[in-house]
Amino acid sequence: MSVRTQLLEMLRAKEHLLDGAAGEVTKMPDSWVFNPLDPETAKHAAVLILFGRLDDVMAESDVDTVPGDLDVLFVTRARTLRKHAGQVAFPGGKVDPQDNGAIAAALREAEEETGLDPAGVEILGVLPDAELPITNFVVTPVIGWWRDPSEVFVVDERESATVFRAPVADLLDPAHRVSSVVTRDGQRFSAPAFDVHGGFIWGFTGILLDRIFEDLGWTVPWDHHLEVPIPLG
């Protein structure tokens, strides 16, 4: 089974959660909740989780049969930003009134941040909305397949510091898996993180990526007791 098919099957398994009547927003783990989401004032955002073939794999075959054939696109937020400064994230941002929904917003933001050509991206589907209580957002994760990769780069240095593609094999490698730990107001919070070449992936992005790998059955056992403290401020 190709990995693209695995991604589609994961999305199909989540379809019942997308029903507006029965669906609920996916919450952050209890170990990573600093403050509750305010549903009355929460804003809507979308991120593009873009899986593509590694360059050397593209040269060899049109079919990917193992997760290690893939990479994922990330951006590192500029350190001058007011929120999430310096953090690695999926491309994305706030859903604007002129956007035709979350998918359009995710593609627009990805193009604005990384310069990718949206025409080369196949949207496979969306996952249930996820809470981001720290900034009071509800985020729609949009799963994309990069069928025709284009050049990516930092479009606006005021928004992004770097743009990079992380191999899935590196993300799954237990040697690159750690628990990020934040201490705030005497309380200790922890969540899965990834320490790979390109950046340290933690917080909302790390949690979402960890859940996707779990749902796909790709996760390799790793040492949750290996901790990395996250400095605040």
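Some notes on this structure:
- The lone exception for Leu208 - which of (1) touching a Ser or Thr at 6+ places or on another chain (Cβ under 8 Å); (2) closer than 16 Å to Val33 by Cβ; (3) in a helix (DSSP H, G or I) it fails: (1)
- All conditions but one from (1) of a type in the set (D, E, K, R); (2) within 16 Å of Lys43 (Cα to Cα); (3) assigned to a strand (DSSP E or B) apply to Asp99; the one that does not is (3).
- Of the criteria (1) open to solvent by 50 Å² or more (accessible area, probe 1.4 Å); (2) in contact with a strand residue (DSSP E or B) (Cβ under 7 Å, 6 or more places away or on another chain); (3) at pLDDT 95 or above, which one Arg147 fails: (3)
- Per the listing Val126, Val121, the residue uniquely over 21 Å from Ala13 (Cβ atoms) and in contact with a helix residue (DSSP H, G or I) (Cβ under 9 Å, 6 or more places away or on another chain) is Val121.
- Restricting Thr65, Thr80 to those that are of a type in the set (S, T, N, Q), modelled with pLDDT under 90 and surrounded by 12 or more Cβ atoms within 10 Å (Cβ to Cβ) reduces the list to Thr65.
- Enumeration of residues in region 152-209 that are open to solvent by less than 50 Å² (accessible area, probe 1.4 Å) and among the polar types (S, T, N, Q): Ser160, Ser179, Ser180, Ser190, Thr205
The values are calculated or read from the model by the stated rules, or taken from the named source; none is laboratory data. The structure displayed is predicted, hence computed values, not measured ones. All Cβ positions, glycine included, derive from the backbone under ideal geometry; neighbour counts span all protein chains shown. Just so you know, the surface numbers come from the protein's heavy atoms only, side chains and all, with ligands and any DNA or RNA stripped out. Shrake-Rupley method; radii C 1.70, N 1.55, O 1.52, S 1.80 Å.
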